[in-house]
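Shown next, in structure tokens, is the structure this report addresses.
The values are calculated or read from the model by the stated rules, or taken from the named source; none is laboratory data. Computed from a predicted model, the values in this text were never measured in an experiment. Please note: Cβ atoms are built from the backbone with ideal geometry, for glycine as well, and neighbour counts cover all protein chains shown.
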Ligand code: PBG
Ligand code: ZN
């Protein structure tokens with residue numbers, strides 16, 4: 001008769017806690033926030049419980065609540081009321097939200113701000129189109145992204161996070177920040193960002209779905225193909241070499257191999273972005289009575305950390321302190 005072997009360390013809560021190889025802590029979480037121009041009141045984001053398209057005012061109240069809950073790192077997405085074609089972009093709405101957060105919370109929060117054009121362009125692409133609307137052009141897009149990043153850094157963002165996937169933007173933004181005296185601004189790159197179907201609720205929240213462009217109905221020409229792990233690794237290494245301080249993999253759960261593949265290969269901390277579609281999937285599973293949300297949430301975060309993520313960006317980050325305290 002075989003006695004206990006591996007089961008010996010599984011037998012009670014104490015020994016399981018004692019021997020855990022992966023531990024999660026509220027300090028490693030980042031909570032995404034949406035601030036939308038011209039809203040009468042805040043609106044729930046479809047599919048994401050407890051996540052709202054905030055007004056300038058409700059944003060402050062929400063961050064107060066998050067601080068009380070034990071979350072102090074944020075990733076802000078600004079959504080302007082007006083779209084532009086190719087030029088004359090106006091960052092003022094997001095800039096004002098950054099200023100207001102900084103004035104109100106100062107050093108009590110750490111504020112990263114998403115840098116991208118898709119919420120600003122009438123066509124919904126993350127960069128500018130060529131004159132025929134057939135391609136997303138690179139160099140001109142990077143120039144505009146540099147301006148946007150500078151505006152957010154000048155407004156007081158602790159970190160700027162380019163999610164556009166243009167080539168060379170990390171180096172260009174780093175150089176421009178340093179040149180203007182923003183050498184302390186952290187640069188978090190959406191480096192291994194895949195052309196994923198798991199961004200659905202986000203695009204509703206940010207009003208940023210690609211809508212036009214000849215043969216350009218999606219972001220496949222700039223985001224990484226899900227079947228191209230070597231492209232993802234190259235993209236991450238390239239952005240690290242160009243000066244990214246934090247390197248991100250996005251989405252999270254479907255790309256654990258990418259996170260694991262990067263772990264230990266870069267000096268930079270690795271962030272995993274549990275995207276809106278991933279979060280909605282967990283919540284729908286729970287709503288259908290097919291999973292317990294709290295357990296599924298913790299298990300998914302544990303998987304990201306186990307693969308090697310140092311930082312977890314999650315729509316449910318504000319629930320992490322309570323969940324992890326249990
Ligand atoms: C846009 C952007 C996206 C996300 C962050 N920035 C979506 C996209 O590429 O369309 C995804 C966030 C999410 O789904 O949670 N540059
Ligand atoms: Zn974008």
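Identify the residue in the stretch 117-132 that is over 21 Å from the mean Cα position of the chain (by Cα) and in contact (Cβ under 8 Å) with a residue 12 or more places away in the chain and, among all such residues, is farthest from ligand 2 (Cβ to nearest atom).
Out of the qualifying residues, it is 132.
Just give me the residues in the stretch 255-278 being closer than 20 Å to residue 310 by Cβ and touching a residue at least 60 places away in the same chain (Cβ under 8 Å), in sequence order.
255, 258, 262, 271, 273, 275, 278 - these are the residues of the stretch 255-278 that are closer than 20 Å to residue 310 by Cβ and touching a residue at least 60 places away in the same chain (Cβ under 8 Å).
Is it the case that some residue within the stretch 143-156 is part of a loop (DSSP other than H, G, I, E, B) and either away from ligand 1 (no atom under 16 Å from the Cβ) or closer than 28 Å to residue 255 by Cβ (or both)?
Yes; the residues of the stretch 143-156 include at least one that is part of a loop (DSSP other than H, G, I, E, B) and either away from ligand 1 (no atom under 16 Å from the Cβ) or closer than 28 Å to residue 255 by Cβ (or both).
Quick check on the stretch 311-319. Is at least one of its residues under 17 Å from residue 31 (Cβ atoms) and either over 14 Å from the mean Cα position of the chain (by Cα) or modelled with pLDDT under 95 (or both)?
Yes, there is a match, as at least one residue in the stretch 311-319 is under 17 Å from residue 31 (Cβ atoms) and either over 14 Å from the mean Cα position of the chain (by Cα) or modelled with pLDDT under 95 (or both).
Among the candidates 87, 62, 107, single out the residue that is more than 18 Å from residue 147 (Cα to Cα), more than 19 Å from the chain's Cα centre (by Cα) and either away from ligand 2 (no atom under 16 Å from the Cβ) or crowded, with 16+ Cβ neighbours inside 10 Å (or both).
Going through 87, 62, 107 in turn, the sole match is 107.
With (1) out of contact with any strand residue (DSSP E or B) (no Cβ under 9 Å at 6 or more places or on another chain); (2) touching a residue at least 12 places away in the same chain (Cβ under 8 Å); (3) more than 16 Å from ligand 1 (Cβ to nearest atom) as the list, and residue 95 as the residue in question, which single condition is left unmet?
Looking at each condition in turn, residue 95 falls short on (1).
When residues of the stretch 268-281 are filtered for being within 15 Å of ligand 1 (Cβ to nearest atom) and more than 17 Å from residue 32 (Cα to Cα), how many remain?
1
Residue-by-condition table, conditions (1) in a loop (DSSP other than H, G, I, E, B); (2) more than 16 Å from ligand 2 (Cβ to nearest atom); (3) within 21 Å of residue 248 (Cβ to Cβ):
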position	(1), (2), (3)
184	yes, yes, yes
188	no, no, yes
192	no, no, yes
198	yes, no, yes
201	no, no, yes
211	yes, no, no
216	yes, no, no
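Identify, from the list 220, 227, the residue that is within 12 Å of ligand 1 (Cβ to nearest atom), more than 15 Å from the chain's Cα centre (by Cα) and surrounded by fewer than 16 Cβ atoms within 10 Å (Cβ to Cβ).
Of the residues listed, the single one that is within 12 Å of ligand 1 (Cβ to nearest atom), more than 15 Å from the chain's Cα centre (by Cα) and surrounded by fewer than 16 Cβ atoms within 10 Å (Cβ to Cβ) is 220.
Within the stretch 265-311, track down each residue that is touching a strand residue (DSSP E or B) at 6+ places or on another chain (Cβ under 8 Å), outside any helix (DSSP H, G or I), under 22 Å from residue 44 (Cα atoms) and away from ligand 2 (no atom under 16 Å from the Cβ).
274
Starting from residues that are surrounded by fewer than 20 Cβ atoms within 10 Å (Cβ to Cβ) and within 16 Å of ligand 2 (Cβ to nearest atom), keep the ones in the stretch 147-174 and report whichever is farthest from residue 99 (Cα to Cα).
Looking at residues that are surrounded by fewer than 20 Cβ atoms within 10 Å (Cβ to Cβ) and within 16 Å of ligand 2 (Cβ to nearest atom), I get 167.
Test residue 247 against the stated conditions and say whether it is within 16 Å of ligand 2 (Cβ to nearest atom) and either under 29 Å from residue 83 (Cβ atoms) or buried (at least 20 other Cβ atoms within 10 Å of the Cβ) (or both).
The answer is no for residue 247.
Please give the number of the condition residue 47 fails out of (1) in contact with a helix residue (DSSP H, G or I) (Cβ under 7 Å, 6 or more places away or on another chain); (2) at negative phi.
It fails just one condition, (2).
Cβ-Cβ under 6 Å, sequence separation 6+ or interchain: first residue in the stretch 19-39 and over 25 Å from residue 97 (Cα atoms), partner crowded, with 24+ Cβ neighbours inside 10 Å. Which pairs?
24/301
Please count how many residues of the stretch 111-142 are within 14 Å of ligand 1 (Cβ to nearest atom) and in a helix (DSSP H, G or I).
1
From 153, 119, 161, 192, grab the single residue that is modelled with pLDDT of 95 or more and over 23 Å from residue 204 (Cα atoms).
153
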